[in-house]
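The values are calculated or read from the model by the stated rules, or taken from the named source; none is laboratory data. Just so it is clear, the structure is predicted and the values come from calculations on it, not from any experiment. Backbone-built Cβ (ideal geometry, glycine too); neighbour counts: all protein chains shown. These accessible areas exclude ligands, DNA and RNA; they are computed on the full protein's heavy atoms, side chains included. Shrake-Rupley method; radii C 1.70, N 1.55, O 1.52, S 1.80 Å.
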Amino acid sequence: SHECKFNKWFTHGLYSSTGRKTIKHYFETHFLLFVFITFRYDMVKENKNEGKSQSSFSSSDKDHKIIVIDNGGGNLKVGIAGLPESIRVLPNYIAKPKTDKKSYFGDQVNEIKDVSAINLKRPIEKGYVTNWDILRDIWAHVFKHLLKVDTKQCSLLVTEPLFNLPVLQSAMEELVFSEFKFLRVCFANTPELSFRHALLSDPGIPWDAAQAKCGLVLDTGFSFTHAVPIFDGRVILEGVRRINLGGKALTNYLKELVSFRAWNMMDEYLIIDDVKEKLCYVTQDLAASLVSARLPGANNPVRRCYVLPDGLTHTRGFVKEIDPAEVQNQLKRKKLESENEEEQLLTLTNERFTVPEALFHPSDIGVMQAGLAETIIQAIAICPEEMHEIMYSNVICTGGCSTIPGFVDRLYQDLRPLAPCEYELQVRISKNPVECAWRGGSDLATSKQYSKVATSHETYKKIGSRAIQTS
């Protein structure tokens, strides 16, 4: 009845000047009320629909597990969503020793007795999957022997690189749906997952950055280093900047230095990678460190010795601690020299800090790109000026290279003079930068958002690649 009266009043008013003025005044005074009521109605309707879809998803899928995979170039991080203790960090390659016909997958690498001159077959090169057969074999081993799950009864959340090629996306979809037959699959990129985990786990993030879900993620991974600006929890693709340096390039650089100055280690990637992880650090003053590295004998604070594996006495290499007082003693020194004849010692001095220095000055090794600090400045400059202050206050470091001692302090030291002086600068690192993206994926997989962004196996069969969504 009220609707009929309103229609008559509105229709009659259109044919009189007084009526038209009355209608105009009515809508001007009640416009905001109409907008608010319409908005609330749409929100309630949307929430009801989400509730229905969520309840249908939960009722059908609540009993199966969701596997989370961070498919990195160096390491594979895999586990069950919601179970942090289930995470396994494994080498993402197949190892083939020269003296053994057996191939070793992931966790089996620790069973190899002679780690010298091992042939490594990686599924990922330069950040992108290049060998799908190797990737399938590694995943199959993990699902069957480590997680002990039936993929046909599980859902999946898997990471993919930024700017992934469509042909590689299609190949991954074919692998997860046709080969392993997962029930549901969600694809996500590592910077967003790392940022998500940081927001949930780090109480030190500024309030405005947490509310706007805004910041910059510096991901120093195995193949590349990315400076990724994020707003509202999503990557700002126009601002992403990449340095063609990562953990693999640093290891190869150390191999060249060692092979030129000491032993020929060009075929010993695993050994040199272990040397890098145990002995390298980032210096805060390069000039002073170079002077210290030239000091002789016990006066040299930089000098360290690494015992190379021989396959008999030592199956794995280790750092040898030598007391400076013993080195000064002539008798002890002779004893050490006699011991060194039986041990193959690799001595490092300035290599310990000049190798990670390449991340801050890539031109030193022939990579004509900006360093970490300059790359962050470039990434933030592309974004709207209103975001700059928040992004400088929330720089988050992830990836394996960020675990090198002194990395965060040096980054702050280089970045502070370049950033506007009126902005507060905060550079932080997660408790475990290597697992940060996986834990963010676990948070996403156990949230209501997963049901919205995951694609079911049935939908993929009907629509194909068009059905695929990302987080």
Problem set entry | Surface accessible to a 1.4 Å probe, per residue, for the residues of segment 333-460, Å² | 44
For this session: Calculate what fraction, in whole %, of the accessible area of segment 78-205 sits on carbon and sulfur atoms when a 1.4 Å probe is rolled over the protein chains.
Result: 51
For this session: Pop out the carbon and sulfur fraction of the accessible area of segment 400-469 as a percent, whole number, probe 1.4 Å.
Result: 50
Exercise. With every protein chain left in place, what is the accessible area per residue of segment 181-297 in square angstrom, probe 1.4 Å?
Worked result: 43
For this session: Enumerate the amide H contacts of N75 below 5 Å, restricted to partners 5 or more residues apart or on another chain; note that Pro and chain-start residues carry no placed amide H.
Result: N92
For this session: Could you state the accessible area per residue of segment 99-143 in Å², with a 1.4 Å probe and every protein chain left in place?
Result: 52
Exercise. Let a ≥ b ≥ c be the square roots of the eigenvalues of the Cα gyration tensor of segment 84-221; is it rounded (a/c under 1.5), or, if not, prolate (a/b larger than b/c) or oblate?
Worked result: prolate
Seminar exercise, completed: Scoring only Lys, Arg, Asp and Glu (+1, +1, -1, -1) among other residues with Cβ under 12 Å from the Cβ of L359 yields -3
For this session: Specify which residue in the list W139, P97, L165 is farthest towards the positive end of the charge dipole of segment 86-171, using unit charges on the beta carbon of Lys, Arg (+1) and Asp, Glu (-1), about the Cα centre.
Result: P97
For this session: Place +1 on the Cβ of every Lys and Arg and -1 on the Cβ of every Asp and Glu in segment 338-471, take the dipole about the Cα centre, and give the residue among T446, F360, N350 whose Cα lies farthest towards its positive end.
Result: T446
Problem set entry | Peptide ranges 70-78, 270-278 listed from the most packed, as the mean C-beta count within 10 angstrom indicates | 70-78, 270-278
Seminar exercise, completed: For segment 130-167 the trypsin sites (Lys or Arg not before Pro) that pass both the DSSP coil test and the at-most-13 other-Cβ-within-10 Å test are K148
For this session: For segment 170-310, please report how many Lys pairs fall under 27 Å Cα to Cα, leaving out neighbours fewer than 8 apart on the same chain.
Result: 4
